[in-house]
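Working notes, structure below.
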Amino acid sequence: MSAQDDLPKLLGDCVHCGFCLPTCPTYVLWGEEMDSPRGRIHLMQQHVEGAPLNAPMVQHFDQCLGCMACVTACPSGVQYDRLIEVTRAEVEREHPRSLKERAIREAIFRLFPYRRRLRALRGPLLAYQKSGLDRLVRRSGLLERISPSVAAMERLAPPLGKAPRLPEFVAARGERRATVGMLTGCVQGEFFPGVNAATARVLAMEGCDVVIPKHQGCCGALSLHSGREDEARAFARRTVETFESADVIVVNSAGCGSAMKEYRALLADDPAWAARAEALSARTRDLAEFLVELGPRAERRPLPVTLAYHDACHLSHAQGVRAQPRTLLGGIPELTVLEVAEPDLCCGSAGTYNLLQPEAASALGDRKAVNVDATGAELLVAANPGCSMQIATALERRGAHIAVAHTAQVLDASLRGLGRDALVGRTS
Amino acid sequence: MQPLDALAKVCDDVRTGEPEEGVLGVQPALVAAPASVAEAAEVMRVAAEKGLSVIPRGAETRLDWGTPPERCDLLVDTHRLDKLIEHASGDLVAKAEAGLPLETLAERLEEKGQRLSLDVPLPGSTVGGTIAAGAAGPLRTLYGTPRNLVIGLTVVRADGKVARSGGKVVKNVAGYDLGRLFSGSYGTLGLIVDATFRLHPVPTATAWVTCQVDGPQEAHDAVQAVLHSPVAPSALEYIAPGTVAALLEGVPDGVVARAGQLVELLGGKTDITENAPDGCGAYPDGTTLIDVTAPPPSLSDLIGVVNSLGNGVAMTWNGSGHGHIGLPSGLSAEEVAGALSALRDVLGRHKGGAVVRYAPQDVRSEIDLWGPVPALGLMRRVKDQFDPDHRLSPGRFVGGI
Amino acid sequence: MEPVLKALALRLDAMLGPDRVITDPVRLRTYECDGLTNHRSTPAIVVLPDTAEQVAAIVRACAEAGVPYVARGSGTGLSGGALPRADGVLIVTSRMQRILEIDIPGQRAVVEPGVINLDVTRAVRPYGYYFAPDPSSQQICSVGGNVAENSGGAHCLKYGFTAHHVLGCEVVTPDGELVELAADGPGYDLLGVFVGAEGTLGITTKITVRLTRVPETVQTLLAAFDSIEAGGTAVSAIIGAGVVPAAIEMMDALSIEAAEAAVRCEYPPGAGAVLIVELDGPDSEVAAQFAEVERLCRDAGAFEIRIAADDAERALIWKGRKSAFAAVGRISPAYLVQDGVIPRTALPQVLARIDALSAESGVRVANVFHAGDGNLHPLVLFDDSEPGAAERAEEVSGAILDLCIEHGGSITGEHGVGVDKSRYMPRMFTDTDLDTMQMVRCGFDPAGLCNPGKVFPTPRLCGEVPGVRKGPHPYEGKADIF
């Protein structure tokens, strides 16, 4: 049965109780029913019952961040994640978009899934203008939306030192406990090379041989979460092939990990790929998830830092990974982990959301920044590159000087005994 | 037919009124004492037919509250409506007729180890009168006033029809809650004939913890300390000039432990006693009684004003943010008005207010008993619906209602 | 759209700005029902005011145009109390979300009506306080909605209902005026009747709530019994012993099955009923009483008793209970929730009769209830794709309410009458009773524009008051002598 046929049944699970409302970022912002999961499900129902997919409907579907907080909150087990994906695919297929919208969407999907093109974004604006990036990307106005985030992120990245170029293989330190494949991710790889280096080191120090296939491409997360199903399937097939021989694929970017765990549904209707996709999804692990399963072995050295941990939606809601990062961080001597108020509320990054819905995204970013700032922490830890960029930008806007790092970098600093300056050196 | 004869046909206890039965000096022409709800309804129907103004009377403990009635053709006395209709002890519920004195009710309930958690500041008060006056005592800290304890109410309307609201289950949101509307309505909306209350078990142990305080700030601090402590007192009272008292109720071990906690918290001059301290639970002495709404943060200001009013001014205050002030006899209307306006000034800043319950007749006619009444227009419209001819306790209530 | 509505929409638009007024049909339809989906009606206009003054202006505009209006908070009501009018305006308070004042010394807070119930508690919890009413939907229901419905919750057994925790309300009356109603002011206790009037007397725009001190100790146990009867015996024994628990909740086998499927609450396998008993208060009190409750449960035949060791374990015990309604969606395609109340002592008889009803009709009924106060939530299960099933379920549901009334109970303990149960009101009250209640409504809303068609099966004609006077109002001038 295809997802489309499934729709009425999936919609029927909703009993209209409203428990999803307070977890929905757009409902929290605007208080409007049609910008809540319950309202969007109602709109989907209207469409199933024959109402045409018109501009107001599409607007409210587009305004969904896809953070999946509602999935966690739902007592009736409504699979909103499936619902919005199916709906988005239909929107992409059937709804004509304006020229401007098309331009920016095209630009995003010509840029982000390709690391070489992303590389041109690093450095001052001038650099990209010279870079010969494709004209569409330059003319779409996308760069102007991205550049403040890139700049803020670069200022707030932890001073762990220059990231080394990753080899294809990193050998385990000490006795080998596992062999893992590692996904480097497009945005993570280009904007946060230090995170990937830290991830590989931590895995190795915990006794893993780490295989980092050189020719890995985009996992397709952005496409999948934006309704570009065919494009997502193509990326998925390639990723399945790349990692087919790995026992475990460790992913340090929440959005990528969540997409790879969804391959089984994405390729379910494709007889040639269904089983292979299922197998890959089953072997995919978030870094924190994997390290907790593996159990700690390397010595944790003290790290007297007060940090706030941010739950990335695609980690907490989509993958259910909440306790593991806290367990890992909590295991570091002298480290204090603080909780951020409204932990379930998305920061507004949400894949491409901050590029497509900049106003809502920035309101949510500001709200998150206020909550992060209120903790008094000196370091913010998040396990998704989008979140890191988004929150870093918002913190910068309100003049809050809080360093931003990935769980892997904190572990790396502890395992290597680098001390607090490696993480918060610039701000303290 | 004359009203007396018409009434006598439906009620076997009807007579003409005596001068000493006057309601604030207004002598009733007739007095009827129905013995059942049906009889009460008939009496009210006849009163409607004859256009008689009606004032309900219980044990007369608060008949001197409020403003004098414009007229009183018929006093409906509820003393024969004195049955405990039902005590469903397993459900912690009792239904009693309006004329039943609260002390009698308490005795009956106690047989099953239960109570209505309402104090009786004026001995003899009846079920109906207490509801109509919205009266409560120290236990209001934890249990509130009649509005919180009445779960069902039967009234006879101005036209003689019997109407019920609520029921005999505690948890019930079917229809409007007329029990709350009639609480404190001074007999101006209808004749209360029976009420159903939620009950509580009689605690197995009680203790009063009493602390002497010196001045407004100490009183305020002691009250705040108790309010924010976890000991959960059933009553918290301030009794001028310098006593803060808390009632603890529960199981023996619990009460002992909590009393110990409070003594430690309040320090110094603190005692644990079996009985309430003097003056607790009664209205303060005086010929003018002022009822004040005074939230806890206003206590020190309130004490300040009371102190400024001079000697002989008595005061009690409850942690629920409600108090009483008694002014001594011999004050002129101007002096009482001055005291009132001082109180209203201070309490107004705390979203509180002051209402005069009783005062000497010459004073009462010269002062504003009620103070500002928000939503008065709405109240008049509600009154007009219940009593379009303005025959029920006319003129006894706010804004001439 | 009717011309009068079109004109009103334009006026509201000019007043509030275009993004506060919804007239697009697709968007309007998402407001067609609240938490109860068997009644639907798409409003003509939805407005999302930000301030009390805007609410007052909207109500005035409706009054002038003679257009009915309905207020809605988070839309989680279970009696259709916020069901819109197709010919009217839906006034949504979800943007009025500010907590205006927290006064810890005075143990109160002032909030706007759209503030979410649990957010009040979240805001005052650092000071050791909370907002006591805790309906199962507390994570999303609004305080304004709580006021309208006089919401209870599992803990109202000890702490009472919203009416006992609201000290004052600023209200927009049906003539568009802003007035203050207080629990403890001079004059009638209009607040007392406003709370629980299901939005038929006006719209609250500011609420002063009482804050309750967080108890020193909370102790929760879960007791599993073979049968509902055994559980009922335990409840009677606990109440009979003079214990006033914060909550006593019971679930039967079918609702346990649903909760298990939804949230994996891991209640003892094979239980015919589970009882959740929570005691709170000072350490010393709770310790003594908790031991007694445990003993009474064992005496009544509990085969397993679990005591929550910490907040996480307590949350797990409650999780099954709190999710029970929505969880029933896992074991049945559709269901009706009832909210009847009976005197607690009648529990055994009534539950046996419900069993019999269920057996006779072949309609499954899951029971979840606030056992301490006799508030039943029978969940009547049916398959909405099967012809006639909904009608049979409706019949069983109605018969259960009749049972409640027969035993001296009520048709609703906390969900309200709304549009769903107004037809049962005449079974519980006489015409005179209902007419008397509606006198209040006529006083507040003689034009009958404020949430019409709710609570009462038939409206009272407010103009038919006997002895309507002409000329100046008899009170005129009387209050002004001062």
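Computed from the coordinates by the stated procedures, all read-outs in this text should not be read as laboratory data. This structure is a prediction, so every number in the text was calculated from the model and none was measured. Neighbour counts are summed over all protein chains in view; Cβ atoms, including those assigned to glycine, are modelled from backbone coordinates with ideal geometry.
Brief remarks follow.
- Cα point-scatterer Debye curve for region B:247-401, base-10 log of I(q)/I(0) at q = 0.08, 0.11, 0.21 Å⁻¹: -0.33, -0.58, -1.30
- Globularity index of region B:84-201 is 0.97 (Cα radius of gyration / 2.2 N^0.38 Å, N = number of residues).
- Theoretical FRET efficiency, 1/(1+(r/R0)^6), r = Cβ-Cβ of C:R392 and A:H401, R0 45 Å, to 0.05: 0.10
- Sorting the segments A:82-89, A:273-280 by their mean number of nearby beta carbons within 10 angstrom, highest to lowest, gives A:82-89, A:273-280.
- Taking a point 7 Å out from the Cα of C:S227 in the direction of its Cβ, the residues of region C:238-270 whose backbone N falls within less than 14 Å of it are C:253.
- Degrees between helix B:376-386 axis and first principal axis of chain B (Cα, 0 to 90, nearest 10): 40 degrees
- Label-to-label distance for B:A342 and C:R298 is 6.4 nm, based on points extended 7 Å past Cα in the beta-carbon direction.
- Cα convex hull, chain A: 131 Å³ per residue, rounded to a whole number.
- Sequence-distant contacts, meaning Cα pairs under 8 Å at least 6 residues apart, place the relative contact order of chain C at 14 percent.
- A Förster distance of 56 Å, applied to the separation of the beta-carbon atoms of C:E2 and B:V256, puts the FRET efficiency at 0.20.
- Per-pair calculated FRET efficiency, R0 = 30 Å: C:A241 and C:R125 via Cβ, rounded to 0.05: 0.40
- Between B:S329 and B:D278, full extension at 0.36 nm per residue minus the direct alpha carbon distance yields a gain of 16.2 nm.
- Computed from Cα atoms, the angle from the helix C:283-299 axis to the main principal axis of chain C rounds to 60 degrees.
- Convex hull volume of the Cα atoms of chain B, normalised per residue: 133 Å³.
- Using a simple spin-label model with pseudo-atoms 7 Å out from Cα toward Cβ, C:R213 and C:E406 lie 4.7 nm apart.
- Diffusion coefficient of region C:1-155 by Stokes-Einstein, Kirkwood radius over Cα pairs, 10 °C, 1.306 mPa s: 97 µm²/s.
- The share of Cα pairs per 20 Å bin across the protein assembly as shown, counted from zero up to the longest distance, runs 10, 35, 34, 16, 4, 0 percent.
- Our analysis of chain C gives Rg over Rh at 0.99, with the two radii drawn from alpha carbon positions and Rh computed by the Kirkwood formula.
- Across peptide C:275-286, the mean count of Cβ atoms from other chains lying within 10 Å of each residue's own Cβ comes to 4.
- The magnitude of the dipole of chain B, with charges of +1 and -1 set on the Cβ of Lys/Arg and Asp/Glu and taken from the Cα centre, is near 1380 debye.
- Listed as lacking a disulfide-compatible partner in chain C: C:C33, C:C62, C:C141, C:C156, C:C169, C:C265, C:C297, C:C404, C:C450, by the criterion of no other cysteine Cβ under 4.7 Å.
- Per-q log10 I(q)/I(0), region B:277-352, q = 0.16, 0.19, 0.25 Å⁻¹ (Debye; single scatterer per alpha-carbon; no solvent): -0.52, -0.74, -1.25
- Taken over the Cα atoms of region A:355-401, the convex hull encloses 67 Å³ per residue.
- Value of Rg to Rh for region B:200-319 (Rh from inverse mean 1/r over Cα pairs, i.e. Kirkwood): 0.97
- Calculated [222 nm] ellipticity per residue, helices only, for chain B: -8500 deg cm²/dmol; basis is -39500 (n - 2.57) per DSSP H run with n ≥ 4, divided by all residues, nearest 500.
- Lys/Arg +1, Asp/Glu -1 at C-beta; chain B dipole; positive extreme among B:H324, B:G399, B:V226: B:G399
- Residues listed by number, region B:256-298, amide nitrogen under 12 Å from B:Q212 label point at 7 Å toward C-beta: B:268-271
- Point-to-point label distance, B:A205-C:A291, nm (Cα→Cβ direction, 7 Å offset): 1.2 nm
- Contact order relative to length of chain B, as percent, for alpha carbon pairs under 8 angstrom and 6 or more apart: 15 percent
- Region B:166-252: trypsin sites (Lys or Arg not before Pro) falling in loop per DSSP and having at most 14 other Cβ within 10 Å: none
- The rule of thumb for compact globular proteins, 2.2 N^0.38 Å, goes into the C-alpha radius of gyration of region C:362-435 1.19 times.
- Helix B:299-308 vs. chain B, principal-axis angle (Cα, 0 to 90°, nearest 10): 80 degrees
- For region C:238-303, the relative contact order works out to 38 percent when only alpha carbon pairs closer than 8 Å and six or more residues apart are counted.
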